[in-house]
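Asker: Before anything else, here's the structure in question.
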Amino acid sequence: MGTELALALHDVGYPVDQIVGRAKGRSLQRARALARKTNSMVAVDTRADIRADVVWFCVPDRDIRAAATTLASKGDWRRKIALHSSGVLTSDELDALRDRGAAVASVHPLMTFVQGSRPDLAGIPFAIEGDGSAVRMARRMVKALRCQPYSIRKQDKPAYHAWGMFASPLLAALLAATEQVAASAGVGGKAARGRMLPILRQTISNYAARGATGAFSGPIIRGDVDTVLRHMRVLRKSPELREIYVSLANAALRFLPGRNKRAVAKALRPANRRSGPGPEEFKRYSV
């Protein structure tokens, strides 16, 4: 994320004075590579001389407070702006710099960043909270990136980040589980991913146009209890996958439309039985 932000800000006219990295590990190597792309200097955190008006911390959540403490003695922080990009932590992680006279804020993009992929930043929402002057600067920079800044309360950040967790990392986990179900149907590896892509793309397209309700299809919306029971039966060999299925099916019963919801809910309960649903259960719940 730090690489993408630095490159994007450089491209829209924000000069990058220096890239600060740690002496250990690959941090300094990455800092040098990024500095070449942004025509900036490289500095080691323990020897940095902070001259920039705005300093943006793009480090793991667990390291923000320590990084701020390390840099607090590196230069005069009065009238400077310090930002960090944690989705779950508040601007208070930068208290060491606030105490030295800086205005601080947290500025988090609701976007996934993975190695080897460069997302289009245009239109991405950025959740911002913190000191007034830091928030104003952050909003100005986010708008320059053609992104959408909005205010978030400190107490809402954990729920906000959990929302992002559902939207991307847990979605990727669900897709990994989906590939395992495909393998049980005799389709594995890249073939499974390739055959899933059309339905995944159409589902996302339907969601974008019509919301979750308009994108929902399958046996639960139809109230097809027999089909749910057959799924439960085949998944009994994979308890982890069956647990995911039951959790998501229960979420569908709670939040999405469907017929015969009470009967479907009963069909999901045998997931806790070691033997799984038998023929008599298909008969009992058939409609």
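Asker: Out of (1) farther than 25 Å from A182 by Cβ; (2) surrounded by 14 or more Cβ atoms within 10 Å (Cβ to Cβ), what's the single condition that is false for P257?
Answerer: For P257, the exception is condition (2).
Asker: Quick one: would you say E179 is assigned to a strand (DSSP E or B), of a type in the set (D, E, K, R) and surrounded by 15 or more Cβ atoms within 10 Å (Cβ to Cβ)?
Answerer: no
Asker: Looking at A82, A102, A96, which one is over 28 Å from the mean Cα position of the chain (by Cα), closer than 15 Å to D131 by Cα and touching a residue at least 24 places away in the same chain (Cβ under 8 Å)?
Answerer: A102
Asker: Find the helices (runs of 4 or more DSSP H) located wholly in segment 185-255 whose residues include 1 or more that are under 24 Å from the mean Cα position of the chain (by Cα), and list them.
Answerer: Output list reads 189-215, 239-255.
Asker: If you don't mind, there's one more thing I want to ask. Could you identify the single residue in K157, K143 that is assigned to a helix (DSSP H, G or I), within 17 Å of the chain's Cα centre (by Cα) and closer than 30 Å to A52 by Cα?
Answerer: Exactly one residue qualifies, and that residue is K157.
Asker: Here are R153, R139: which of them is surrounded by 14 or more Cβ atoms within 10 Å (Cβ to Cβ), modelled with pLDDT of 95 or more and not aliphatic (A, V, I, L, M)?
Answerer: Being surrounded by 14 or more Cβ atoms within 10 Å (Cβ to Cβ), modelled with pLDDT of 95 or more and not aliphatic (A, V, I, L, M) holds for just one of R153, R139, which is R139.
Asker: Related question: Does at least one position in segment 2-23 carry a residue that is buried (at least 17 other Cβ atoms within 10 Å of the Cβ), of a type in the set (S, T, N, Q) and part of a strand (DSSP E or B)?
Answerer: Yes, segment 2-23 has at least one match.
Asker: Only residues in segment 14-26 that are of a type in the set (D, E) count as the first member; pair them with residues that are modelled with pLDDT of 85 or more, Cβ under 7 angstrom, at least 6 apart or cross-chain, and list the lot.
Answerer: Going by the 7 Å Cβ cut-off, the qualifying pairs are D17/S40; D17/M41; D17/R51; D17/A52.
The values are calculated or read from the model by the stated rules, or taken from the named source; none is laboratory data. Keep in mind that what you see is a predicted model, and the values were worked out from it rather than measured. So basically every Cβ, Gly included, is an ideal-geometry build from the backbone, and we count neighbours across all protein chains shown.
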